[in-house]
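The values are calculated or read from the model by the stated rules, or taken from the named source; none is laboratory data. Source: prediction; values computed, not measured. Note: ideal-geometry Cβ built from the backbone for every residue, glycine included; neighbour counts use all protein chains shown.
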Amino acid sequence: MSEIKLQTKKGFLNQGAYAKRGATITADEFRAAELHRLGLVEDYEVKQSPEPENKKAPEPQNKAASKSKAKAE
């Protein structure tokens, strides 16, 4: 689950610690949705991480000659 940075609109008790108005807090997606529904934090966007590119590793330059080629000579 990803952590989301939130800007508070109002002061409130956030999991045992007081979060002042205008402070930046972090919360998971479910907690962020709950705080937004209650009107305690400003609108936020969940940013998806970019998809990783799958790349083949380059062929090593010092690769030994295959045995089938060596026998043919």
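Summary of computed values
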item: From the options VAL41, VAL46, residue that is at negative phi and at pLDDT below 75; result: VAL46
item: Hits in the range 6-19 (condition: surrounded by 11 or more Cβ atoms within 10 Å (Cβ to Cβ) and either at pLDDT below 90 or not in a loop (DSSP other than H, G, I, E, B) (or both)); result: LEU6, GLN7, THR8, PHE12, ASN14, ALA19
item: From the options ASP43, ASP28, residue that is of a type in the set (Asp, Glu) and within 13 Å of the chain's Cα centre (by Cα); result: ASP28
